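Novice: Would you mind keeping the following structure in view while I ask a few things?
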Amino acid sequence: MSTVQEIKVEKLSMKREFYHLIINGEKVESTSGATFKTYNPATGEVIAEVSKATKEDAEKAIQAARNAFDHGKWRKYPINKRSRILNKIASIMQARFNELVELEILDTGKSLHAAQGQVMQAIEDFEFYAGAIVGHRGSVNPVPGQFQNYTEKEPVGVCAQIIPWNYPLMMAAWKIAPAIAAGCSVIVKPATLTPLTAIILGEICLEAGVPEGVVNIVPGSGSEVGNYLVEHEQVDKVAFTGSTPIGKNIMARASQTLKRVTLELGGKSPNIVFEDADLDAAVDGSLFGIFYNTGQSCEARSRLYVHEDIYEEFVNKFVEKTKKLKLGNPFDKETHVGAIIDQNQVDVIDNYVKSAIEDGADILVGGKPAKIEGFEQGFWYEPTVIANVNHDMKVVNEEIFGPVVVIMKFKDEKEAIKLANDTEFGLGSAVWTKDGARATRIANQIQAGIVMVNCPFSAFPGTPFGGYKQSGFGRELCIETLDLYTETKSIISYYGSRPLNPFGL
Ligand code: NAD
Ligand code: MN
């Protein structure tokens, strides 16, 4: 109680010099006193210092979450009360919308329009689950004889939630909202590159009335804090968004305690443009599909397949528009493409582009780190279009996670499907055609969790988001996510008047 008021009274601006961990309803420093700096990728400047969680802090957070779950009141609240608090979280976020947008831009270097959309969606996620949880319930099942069966949905318990750097606030909302709606307690581990808005979201949860210990935020290293959470026997579930290799590692480690696991992993999503598509809509949608969020998106449509009859025309238009994309000040509303998260990622992207050149591909536009006036110390990469590629090339098979698209030709539906599915991933996909039956045929055959038909957008609150194949499993952002934060308990009772004596003794 006192902590909740304390934070209310402080009314600190979101932008500070120092950020704390949140454990058991309190803003605390790391036990070790360790800190790390977080940077603005657009300028390379330090934004703030952040307390760095260690194993000891993770242990404290687990005990707080455990205690809140086992002995606390959150899961016992009437659902309308939990729902009201989720709506309160949304309204506080709404009231501080501009501050959240500002902080997200500073920490990630993403463009204003991207940050605004993502903060808006994070707010809507809490509103969505505030509503969805009210209708989430068990069932009554037909059973023979004088028996009755009903089921109850019980919160799964203490959840470790591990977040990547590309959508720091939105991914935190995707995870926290359904979990606490269901009555779970969470320990959120943001990425160390982008911890700020998740910390603020934790504070907002407290301010809105989420009891102590239900939401804990522990920024720290993946290999130390992340692993500790994943292996701990008192953690019941791990929800992870990040790269496929780390996802595999987490699944293996979590198996030792048979944790519930959901994984949202990498992608290499196909974007198929047929000869009968509205060409301008397909060009604009495909451009957004890859260059949105500077291509640092798990469902970036990074493999573009264009029908041979319109290939030349499409590619010319696509390249012309790529040249028009404005890179620069992320706070400028004219900016389309923001910064890359760090120098390491710039190097990763550049090495992929170099491998394509070595493999004999053609760079139609871009192909190197970008120099932006006034942002010389930041991390930038030119939007890049690569043609003359094939499925033997690394640049076609592996996730680049940057503003780089490969374009290939196809001759018919059968070939388009074959190429689209020739990948270990299966997250997003898109098809552009005016033929509704064809769109349906493609949607039926694509091995991916999401199919966008004449549409550049991949996710709204309520739409299932998640992958096939090595893009992971489990769906977020939708009603069924609540099933992944609950266990189904089956209650069987006998209502006959004659006592049962099954052994007949
Ligand atoms: P990453 O896998 O390197 O890290 C993700 C998170 O896991 C970070 O918080 C990191 O600290 C933590 N981590 C690292 N090692 C760990 C370990 N051994 N145990 C526990 N936690 C550990 O990914 P990233 O570079 O931050 O993010 C980019 C990746 O995320 C891309 O591959 C992208 O496709 C994927 N992604 C997927 C989705 C989706 O919904 N499918 C969404 C966004 C990003
Ligand atoms: Mn940062």
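What follows is calculated from the coordinates using simple rules that are stated; it is not laboratory data. Just so we're clear, the structure is a prediction, and the values are computed from it rather than from any experiment. We place every Cβ from the backbone using ideal geometry, glycine too, and count neighbours over all the protein chains shown.
Novice: Would you mind pulling out the separation of the Cα centroids of segment 349-371 and segment 67-129, in Å?
Specialist: 39 Å
Novice: Measuring from a point 7 Å past the Cα of ASP422 along Cα-to-C-beta, which residues in segment 258-295 have an amide N at less than 18 Å?
Specialist: Only 268-274 pass the distance filter.
Novice: Taking a quarter of the surface of the Cα convex hull of segment 109-157, what do you get in nm²?
Specialist: 5.9 nm²
Novice: Determine the principal axes of the Cα atoms in segment 385-505, then give the extent along each, sorted from largest to smallest and rounded to whole angstroms.
Specialist: 80, 32, 30
Novice: What is the Å³ per residue value for the convex hull set by the Cα atoms of the chain? Don't jump to the answer; show the numbers that get you there.
Specialist: Working: hull volume 86.7 nm³, N = 505.
Convex hull volume per residue, Cα atoms: 172 Å³.
Novice: By per-residue mean of other Cβ atoms within 10 Å, what is the highest-first order of 478-486, 406-414?
Specialist: Per-residue mean Cβ counts within 10 Å order the peptides as 478-486, 406-414.
Novice: Hey, what number do you get for the chain at 222 nm if only DSSP H runs of n ≥ 4 count, each worth -39500 (n - 2.57), divided across all residues, to the nearest 500? Write down the numbers at each step before the final one.
Specialist: Working: 16 runs with 190 residues, N = 505.
Calculated mean residue ellipticity at 222 nm is -11500 deg cm²/dmol.
Novice: Please list, ordered by chain and number, the residues whose modelled amide H lies under 5 Å from the amide H of MET408; skip anything fewer than 5 residues away on the same chain.
Specialist: Those lying under 5 Å, H to H, from MET408 are LEU304, TYR305, VAL306.
Novice: Let me have the relative contact order for segment 200-266, percent, based on Cα pairs under 8 Å that are six or more residues apart. Don't skip to the answer; put the middle values down first.
Specialist: Numbers: 56 pairs, mean separation 18.8, N = 67.
Taking the mean separation of contacting Cα pairs over the length of segment 200-266, I get 28 percent.
Novice: So for MET170, MET14, fewest C-beta neighbours within 10 Å to most, what's the order?
Specialist: Ranking MET170, MET14 by Cβ neighbours within 10 Å, fewest first, gives MET14, MET170.
Novice: Turning to a different aspect of this structure: Take every Cα-Cα distance within segment 204-328, group them into 5 Å bins from 0 onward, and report for each bin the whole-number percent of pairs it holds.
Specialist: Percent of Cα pairs in each bin: 2, 9, 14, 13, 11, 10, 10, 9, 9, 8, 4, 1, 0.
Novice: List every residue whose amide H lies under 5 Å from the amide H of VAL186, counting only residues 5 or more places away in sequence or on a different chain, with H placed 1.01 Å from N in the peptide plane.
Specialist: Amide H neighbours of VAL186: CYS159, VAL215, ASN216.
Novice: So if I take the centroid of the Cα atoms in segment 416-436 and the same for segment 199-262, what is the distance between those two points in Å?
Specialist: 32 Å
Novice: Whole-Hz Karplus ³J(HN,Hα) for segment 394-407, in order, using 6.51 cos²θ - 1.76 cosθ + 1.60 and θ = phi - 60°, x for Gly and Pro?
Specialist: 4, 5, 8, 9, 9, 6, 8, 6, x, x, 9, 10, 10, 10
Novice: Same structure again: Largest first, please: the extent of the C-alpha atoms of segment 256-358 along each principal axis, to the nearest Å.
Specialist: Over segment 256-358, Cα extents along the principal axes are 54, 35, 34 Å.
Novice: Moving on to the next point. Equivalent ellipsoid semi-axes for segment 333-411, as square roots of 5 times the alpha carbon gyration tensor eigenvalues: give them largest first, rounded to whole Å.
Specialist: Gyration-tensor ellipsoid for segment 333-411: 24, 13, 10 Å.
Novice: Give the span of segment 17-79's Cα atoms along each principal axis, as three whole-Å numbers ordered largest to smallest.
Specialist: 47, 29, 15
Novice: If one puts a single equal scatterer on every Cα of segment 86-170 and applies the Debye formula without solvent, what log₁₀ I(q)/I(0) results at q = 0.25 Å⁻¹?
Specialist: Log10 of I(q)/I(0), two decimals: -1.19.
Novice: Per 0.36 nm of contour for each residue apart, how much would the distance between ASP359 and GLU373 grow if the chain were fully extended, relative to their Cα-Cα spacing?
Specialist: Length gained between ASP359 and GLU373: 1.8 nm.
Novice: For the pair GLN445 and ASN80, what calculated FRET efficiency results from E = 1/(1 + (r/R0)^6), where r is the Cβ-Cβ distance and R0 = 41 Å, to the nearest 0.05?
Specialist: 0.40
Novice: Now for a different question. For segment 76-233, take the convex hull of the Cα atoms, compute a quarter of its surface area, and give me that in nm², please.
Specialist: Mean projected area for segment 76-233: 11.0 nm², to one decimal.
Novice: State, to one decimal in nm, how far the label point of GLU17 lies from the label point of GLU313, with both points 7 Å from Cα in the Cβ direction.
Specialist: The modelled label-to-label distance comes out at 6.1 nm.
Novice: While we're looking at this one, here's another question. I need the peptides 52-61, 225-234, 493-502, 154-163 ranked by packing, meaning the mean over residues of other C-beta atoms within 10 angstrom, with the highest value on top.
Specialist: Working: 52-61: 22.6, 225-234: 20.6, 493-502: 7.8, 154-163: 24.8.
Taking the mean over residues of other Cβ atoms within 10 Å, the ranking is 154-163, 52-61, 225-234, 493-502.
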